[in-house]
Amino acid sequence: MKIAIISDIHANLAALRAFPESDCDQVWCLGDLVDYGPNPHEVVQEIQSIASIIVCGNHDYAAGFGADPQCSPPYRHLAAETLRYTRSACTPEDLLFLRNLPKSCETALTSSHFYLVHAAPSDPLFAYCPHESDRWAQEVEKINADVLLVGHTHTPFIRNVGNTIVVNPGSLGQPKTGRPLACYAVWEDGEISLKEYAYPIEETIHAIDQMPISKEDQKQLISVLMTGAIPAKNPEPIAPHNDS
């Protein structure tokens, strides 16, 4: 049995369509289908034919209900601007689908029990727990699972916490690894691995350039896509010093 685990597509259709694991028995998605990227409608439509399990991310919830995705300050403006675009680009059926996504899911394969959630069991949509967080010890106590699958941070990791393996596949559509490569994980017959792949990123960049947002916001989105970070604001130029 081979399961592909993906997360945080963020409306990056080119990355989704280039997904290389065509021989998987199932695909599980840990949320954040939309926002930031240029193709929310297409991703929502396509993921329904690909994934057998999909849980809700904070951006899915925000798009479905017109709510605040509660992003960190550096990303708050981009999230708000692209949320408006996302809600206009999605159909009423898309938004209903996002509203109806479950916040968590439990399933079993062979002798392994899985718990799937976007952020963390105690706060499925918004908790931000990076790899090194001490919080994972408390989180795994709240569930009865051999494997806890989470997304949200856009950074991949595998960590043993007590008797539970915590796995973050990273982000398919907006990785924060310093490399513009789509990230995912594979569970195959009890073994878990992290993987990444190149995709036609120029297609996504071209589509971002067509989004009805400011040129500065487009530039910021492309920077996040390429580097995983918003570029620092350029400092004011220093006037040349004249001793004469």
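The values are calculated or read from the model by the stated rules, or taken from the named source; none is laboratory data. As the structure is a prediction and not an experimental result, all values here were calculated from the model. Neighbour counts run over all protein chains shown; Cβ positions are idealised from the backbone, glycine included.
Quick notes
- Remark: pairs (first residue in region 191-213, more than 21 Å from R84 (Cβ to Cβ); second residue among the hydroxyl-bearing types (S, T, Y) and in a strand (DSSP E or B); Cβ separation under 7 Å; 6+ apart in sequence or on different chains) = K195/Y184.
- Filtered by the rule that a residue be in contact (Cβ under 8 Å) with a residue 24 or more places away in the chain and over 16 Å from the mean Cα position of the chain (by Cα), region 19-40 gives P20, E21, C24, D25, Q26.
- Remark: L116 falls outside the filter, which requires a residue to be touching a strand residue (DSSP E or B) at 6+ places or on another chain (Cβ under 9 Å) and either modelled with pLDDT under 95 or closer than 22 Å to G228 by Cα (or both).
- Selection from region 128-145 of residues that are part of a loop (DSSP other than H, G, I, E, B) and either of a type outside the set (F, W, Y) or closer than 22 Å to S111 by Cβ (or both): C129, P130, H131, E132, S133, D134, R135, K142, I143, N144, A145
- Pick from region 79-99, criterion without any contact (Cβ under 8 Å) to a residue 24 or more places away in the chain and more than 18 Å from D8 (Cα to Cα), ranking: surrounded by the most Cβ atoms within 10 Å (Cβ to Cβ): R84
- Number of positions in region 44-63 that are touching a helix residue (DSSP H, G or I) at 6+ places or on another chain (Cβ under 9 Å), without any contact (Cβ under 8 Å) to a residue 60 or more places away in the chain and either farther than 24 Å from Y115 by Cβ or not polar (S, T, N, Q) (or both): 10
- Test: residue in region 5-17 that is closer than 24 Å to L194 by Cα, touching a strand residue (DSSP E or B) at 6+ places or on another chain (Cβ under 7 Å) and basic (K, R): no
- Of all residues in region 149-173 being buried (at least 21 other Cβ atoms within 10 Å of the Cβ) and touching a helix residue (DSSP H, G or I) at 6+ places or on another chain (Cβ under 6 Å), the one that is farthest from I208 (Cα to Cα): T164
- Helices (runs of 4 or more DSSP H) wholly inside region 57-110 that include at least 1 residues being closer than 22 Å to Q220 by Cβ, out of contact with any His (no Cβ under 9 Å at 6 or more places or on another chain) and among the basic types (K, R): 73-89
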